[in-house]
Amino acid sequence: QVQLVESGGGLVQAGGSLRLSCAASGSIFSINVMGWYRQAPGKQRELVARITSGGMTNYADSGKGRFTISRDNAKNTVYLQMNSLKPEDTAVYYCNADLTVVRGEISRDYWGQGTQVTVSS
């Protein structure tokens, strides 16, 4: 059984920084893309950033220049360094992984339980 466990959320003042971590565990053959999404109250879940197993990244416009996604393939872990945080970054942040459990099977999406990030003004 695959689990994604996030950590690192919390309360921070505007202009501050947080680093989120997400570790995937369980029966995993390979992980393709790992990413972070967020969902603010009353809004749809949206992409924040994602990274391939080869290190290619893409970011939502809202986080470009402020957020950095990275990954440790040996640890099946993805990180999100968030700097210059704004109140509008307040949301529940979810880790996502597109992974394969058994060699030869089609990959599928797995989600973490979410971690709250609150940025005060």
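The values are calculated or read from the model by the stated rules, or taken from the named source; none is laboratory data. Note that the structure is predicted; figures quoted are calculated from it, not measured. For neighbour counting, all protein chains shown are included, and Cβ atoms are generated from backbone atoms with ideal geometry for every residue, glycine included. Keep in mind that these areas ignore ligands, DNA and RNA; they rest on the heavy atoms of the full protein, side chains included. Shrake-Rupley method; radii C 1.70, N 1.55, O 1.52, S 1.80 Å.
Key figures for this structure:
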read-out	value
So Arg71, is it in contact (Cβ under 8 Å) with a residue 40 or more places away in the chain, out of contact with any helix residue (DSSP H, G or I) (no Cβ under 7 Å at 6 or more places or on another chain) and in a strand (DSSP E or B)	no
Check on Ser107, among the polar types (S, T, N, Q), over 13 Å from the mean Cα position of the chain (by Cα) and exposed (fewer than 13 other Cβ atoms within 10 Å of the Cβ)	no
Conditions (1) more than 12 Å from the chain's Cα centre (by Cα); (2) aliphatic (A, V, I, L, M); (3) part of a strand (DSSP E or B): number failed by Leu85	(3)
Answer from Ile51, Ile31 - the residue that is farther than 20 Å from Gln113 by Cβ, in a strand (DSSP E or B) and open to solvent by less than 40 Å² (accessible area, probe 1.4 Å)	Ile51
Failed condition for Val119, given (1) in contact with a Pro (Cβ under 8 Å, 6 or more places away or on another chain); (2) surrounded by fewer than 15 Cβ atoms within 10 Å (Cβ to Cβ)	(2)
Restricting segment 75-86 to residues that are touching a Lys or Arg at 6+ places or on another chain (Cβ under 9 Å) and under 22 Å from Gly55 (Cβ atoms), the residue that is surrounded by the most Cβ atoms within 10 Å (Cβ to Cβ)	Val78
Test: residue in segment 31-50 that is under 15 Å from Val2 (Cβ atoms) and out of contact with any Lys or Arg (no Cβ under 7 Å at 6 or more places or on another chain)	yes
Test result for Val102, open to solvent by less than 40 Å² (accessible area, probe 1.4 Å) and outside any helix (DSSP H, G or I)	no
Exclusive hit being of a type in the set (Asp, Glu) and surrounded by 13 or more Cβ atoms within 10 Å (Cβ to Cβ), set Asp61, Asp89, Asp72	Asp89
Flag for Arg38 being open to solvent by less than 30 Å² (accessible area, probe 1.4 Å), in contact with a strand residue (DSSP E or B) (Cβ under 8 Å, 6 or more places away or on another chain) and part of a strand (DSSP E or B)	yes
Some residue of segment 13-22 being open to solvent by 60 Å² or more (accessible area, probe 1.4 Å), of a type outside the set (D, E, K, R) and over 15 Å from Val119 (Cβ atoms)	no
